[in-house]
Structures are given as structure tokens and as C-alpha cells.
1. Go through region 149-173 and count every residue that is among the charged types (D, E, K, R) and either at pLDDT below 90 or in contact with a Cys (Cβ under 9 Å, 6 or more places away or on another chain) (or both).
2. Would you confirm whether any residue within region 65-73 is closer than 30 Å to Pro32 by Cα, aliphatic (A, V, I, L, M) and in a strand (DSSP E or B)?
3. Can you say whether Gln304 is in a helix (DSSP H, G or I), open to solvent by 30 Å² or more (accessible area, probe 1.4 Å) and under 20 Å from Glu179 (Cα atoms), as far as the supplied structure shows?
4. Do we have any residue at all in region 284-299 that's within 22 Å of Gly220 (Cβ to Cβ), out of contact with any His (no Cβ under 9 Å at 6 or more places or on another chain) and at pLDDT 95 or above?
5. What's the number of the only condition in (1) part of a loop (DSSP other than H, G, I, E, B); (2) open to solvent by 40 Å² or more (accessible area, probe 1.4 Å); (3) within 18 Å of Asp45 (Cβ to Cβ); (4) not acidic (Asp, Glu) that Gln153 fails to meet?
6. Quickly run through region 50-64 and pick out the residues that are surrounded by fewer than 12 Cβ atoms within 10 Å (Cβ to Cβ) and part of a loop (DSSP other than H, G, I, E, B).
7. Determine if region 95-103 includes at least one residue that is of a type in the set (Lys, Arg) and either at pLDDT 85 or above or crowded, with 16+ Cβ neighbours inside 10 Å (or both).
Amino acid sequence: MKLLYILFLLAFSQLCFAHAPGLSSVDVVLTPTGVDANITFALQDIEAFSPMDSDGDAEITAQEYDNAKPNIAALVTNELQFILNDQVAKPVSNGDVSFDDKNNAHVKLRYEPTATHLKMVVLFLKKLPEGHKQYVTIKDVEGKSLSEKMLTQEDNVIELNINVQNSSMFKDFLLLGIEHILTGYDHLLFLFALLMVTRNFWSAVGIITFFTIAHSITLGLAGLNVVNLPSSVVEPLIAATIVYVGLENLISKAPKGRRLLTFSFGLIHGFGFASVLQEMGISSIETGILVPLFSFNLGVEVGQIVVTSLVLPLIWWLHKKPVIEKYFVPICSILVSFAGLFWLIERTLLQTN
């Protein structure tokens, strides 16, 4: 019972961490006369280093947006360092700040002169919330991708010798996929709820396989912009799948049709995985999006395999203990349902506020 108690505490301790760390992007274009940079943030990330709600009424007016532009431009300009041909370059303007209808802020900067060697240091990453990442692409004037890199607060530098492609795209997206599933507690809890009623290897393999096929399909469709669902719909639906599986575990001791259920709900979770790639705009990568799609999905699968290989032996061992088995599935299912309900309410309320 002590083991169960520890599992319950761990489950509840993750409730407040259902969302992935923030992501931003920098699109760098090398032109015949200089370097153009377009930096894009979610507004909630902008608030981390340049609060816009000056009157504290939890609403940002058009005037407050305009008032925030000079401060945002100054902060980005001062803490984004371009070194061109071994010389620190200064932007030729103060920065053009704009906001779109998707709650993003854009800062456009231009640097001169033309570079044969470029180094960019993103100092302001350390001002953003812990775990924030920034996806950088460097392209030529024709739109050909020269380099891509995922910057972090610990590794905030990208460097390029022109005409020498320096891309670690496969590795970056592979690691991003692993991190996303390992920190995607809602996805992991859904999978745990499905696996906790399995008692042998092949039943678990069936569930994992159908979940993998399903979320790979919608991840691919969403990444290719064939089918898109807004996060305001996807995130509550993911929470609802967790509630449903938890309740079904309580109602039926041996749930039927779990593979079909896993496939159907896995399609929804695939849209959740795709939101990470959509935020970074991978559909605009001229070198092709198949590599980031494949490597990100592979990363998700690697992380998923690691977790299940650790959890499944424990589940099967608990099923072999008559005293524990009597309470294991019912109590865990109640906790799963409450966790899903918490996220469902939280995500629904966030969309209505």
C-alpha cells in the first residue's frame, strides 16, 4: 500500500504542469546587402520581460499594445547580438513591432553589412520562463534553408559560415519529441490509464501500437497543414479522453474494444503533439518538413517506449499481488479521472476567459 500511496502523490504532483514549455522563433534571411531578422513570441512570453497590462486590470487594450512596442523593441534589440564577419553589428533601425490575431508579437530587425560569417547570440532567452526554447532558421534570399537550430537558455548561440550548411535539425527535433512526451503528463496519464488494466505483453503491445499509428497520422496531417484543429478544441478533448478511460476502468473490470478506443482517442492526442510543430511553423521550412516530422515523431516514440518499459513491469507485478490488485485499478482510475477532470475544467475555463 505504501507503493500505491507514493504513486498517488506523484500523480497529483503533476497536475499543475500539464503544459509544455514556451516556444519562440527567429527567422533570419541573408540578403545581398545585409541580414533581416524576424523574432516571434507568444504574448504570454512577452509578459515575462515586458509587461503590457499597465493598469493591472487583466485586459490589454489597443493603447497598452502600442505603449508596449518601444519597450519590446528596445529589449530585443539590446539582447539579440549579431556578429557579422567577426564584428558586432548594430541594427539599422529601432525595430518594427507588430501583433497578429493569433496572440503573437513580431519584432523585425535589419543588420548590415553582408556577412560571410554569422554568429547570433540570443541573450534575452534567460529572461523568459525556465525551459523556454527558440527555433532559429537561417535562409538565403531565395528562401533556401542554410541552417536550423533549437536554442535553449543553456545553448543560446547559432553560428554559420556562409555556403557551409550546418544543420542539426534531425537531432534537435528528435530531442524535442522525447522531451515533449516526457513532460506531456496528460498524454502519459492517458497511456497509463489504458495500460493499467493489461496483464500480458501482447495486450500492451496492441494498445501501444494503435496509439502510435493514430497519433502519427494526425501529427503528419496537422504538420502538413492538411487538417488543423485549434488548441482551444484539442486540449479540452485530450483531457476528456483521460476522464473517459478512467471512468471506463471503474465501470468494467475487463474493458472491451480497447484497441479501437485507443486508435480513436490517439487521433486527438496526435493533434496535441502537432501543436508544438505548428507553433514553430515547420510547414514553411523550404528544405522539407519530412525530416522534422519524422524525427519529432520518432522522439515521441522513443520517450513513450522508455516510459512504458519502466511502468509495465510494475503494473504487472502489482496485478500479481492479490491484496494490492483489489485496490490498484479502482483507486488509480479515480485519480486518473480526477486529473482529467481538473485539466478539462482548467482548459475550458482558460478558453472562455
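1. 3
2. No, every residue in region 65-73 fails to be closer than 30 Å to Pro32 by Cα, aliphatic (A, V, I, L, M) and in a strand (DSSP E or B).
3. Values: in a helix (DSSP H, G or I): yes; open to solvent by 30 Å² or more (accessible area, probe 1.4 Å): no; under 20 Å from Glu179 (Cα atoms): yes.
No: the conditions fail for Gln304.
4. Within region 284-299, the first condition is being within 22 Å of Gly220 (Cβ to Cβ), and the residues that meet it are 284-299.
Then drop every residue that is not out of contact with any His (no Cβ under 9 Å at 6 or more places or on another chain), which leaves 284-295, 298.
Keeping just the survivors that are at pLDDT 95 or above gives none.
No, region 284-299 contains no residue that is within 22 Å of Gly220 (Cβ to Cβ), out of contact with any His (no Cβ under 9 Å at 6 or more places or on another chain) and at pLDDT 95 or above.
5. Among (1) part of a loop (DSSP other than H, G, I, E, B); (2) open to solvent by 40 Å² or more (accessible area, probe 1.4 Å); (3) within 18 Å of Asp45 (Cβ to Cβ); (4) not acidic (Asp, Glu), Gln153 violates only (2).
6. Within region 50-64, Asp55, Gly56, Asp57, Ala58, Glu59 meet the criteria.
7. The answer is no; no qualifying residue exists.
Every residue, every condition in (1) closer than 25 Å to Pro292 by Cα; (2) touching a residue at least 12 places away in the same chain (Cβ under 8 Å); (3) in a strand (DSSP E or B); (4) out of contact with any Ser or Thr (no Cβ under 8 Å at 6 or more places or on another chain), yes or no:
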{"position": "Ser93", "(1), (2), (3), (4)": "no, yes, no, yes"}
{"position": "Val97", "(1), (2), (3), (4)": "no, yes, yes, yes"}
{"position": "Asp101", "(1), (2), (3), (4)": "no, no, no, yes"}
{"position": "Leu118", "(1), (2), (3), (4)": "yes, yes, yes, yes"}
{"position": "Leu125", "(1), (2), (3), (4)": "yes, yes, no, no"}
{"position": "Pro129", "(1), (2), (3), (4)": "yes, yes, no, yes"}
{"position": "Ile138", "(1), (2), (3), (4)": "yes, yes, yes, no"}
{"position": "Leu160", "(1), (2), (3), (4)": "yes, yes, yes, no"}
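The values are calculated or read from the model by the stated rules, or taken from the named source; none is laboratory data. Since the structure is predicted, the reported quantities are computational estimates derived from the model, not experimental observations. When we count neighbours, we look across all protein chains shown, and the Cβ atoms used for this are built from the backbone with ideal geometry, even at glycine. To get the accessible areas, we keep the full protein, side chains included, count just its heavy atoms, and leave off ligands, DNA and RNA. Shrake-Rupley method; radii C 1.70, N 1.55, O 1.52, S 1.80 Å.
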